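The values are calculated or read from the model by the stated rules, or taken from the named source; none is laboratory data. Nothing here was measured: the structure is a model prediction, and the numbers come from that model. Neighbour counts run over all protein chains shown; Cβ positions are idealised from the backbone, glycine included.
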Amino acid sequence: MSYNLGVNNLKRKSKEGRQKELSQMLKQDPFYTDEELSTYFGVSIQTIRLDRLKLGIPELRERVKKVAENNINKVKTLGSKEIVGEIIDLEVGTLGISILETTSDMTYSKTNIVRGHFVFAQAESLAMAVVDAPVVLMGVANIKNINPIKPDDRLIAKAEVVRVRDKKHYVHVKINNKNHEQVFRGKFIFNEIAQREE
């Protein structure tokens, strides 16, 4: 089931109906903000917060943290502090999804645009996380920044391993903003390297 958050419900639901749908929405996608939910249901943000409280659903930051903690232990190539963004879904050797909340600290002061190295770091760390090998080195990166990114945006990165051949892992990454517009894409080749004995 997909929810169109851009359209207000013309007919208000009962409190019980709204809470039931809210619970279902957040089970399907725990990354909706209170603001997005209030627009969708046509109620105040405070009403959404009270509904979440009654249902025992934590705020967005806590929901993201919980999902990320459940996925971080699957990563073979990086330590938890080396990952840029929060990994919310990970199938090592196949695909992964991460979220990065942009802030004003990440921007150029004159243009208020998020600096590219933050976006690249999210893409590269997610691409490395999906690779099914203990040690890899990025050999090639072909990237394209498509649209400027502003602070207070949510970047959703999706990485997919498209091929593995002769210890080379080919990974494609696409990053969309919270409006589902693509802002970045990249193709990476990671070389699997032997671990050295110390």
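For the criterion of being over 17 Å from the mean Cα position of the chain (by Cα), at pLDDT 85 or above, closer than 23 Å to Thr102 by Cβ and of a type in the set (A, V, I, L, M, F, W, C), Leu53 fails. Under the condition of being farther than 8 Å from Ala129 by Cα and either hydroxyl-bearing (Ser, Thr, Tyr) or modelled with pLDDT under 65 (or both), the residues counted in the range 73-88 number 4.
Just one residue in the set Leu137, Leu155, Leu126 is within 18 Å of the chain's Cα centre (by Cα), in a strand (DSSP E or B) and either modelled with pLDDT under 95 or not β-branched (Val, Ile, Thr) (or both); that residue is Leu155.
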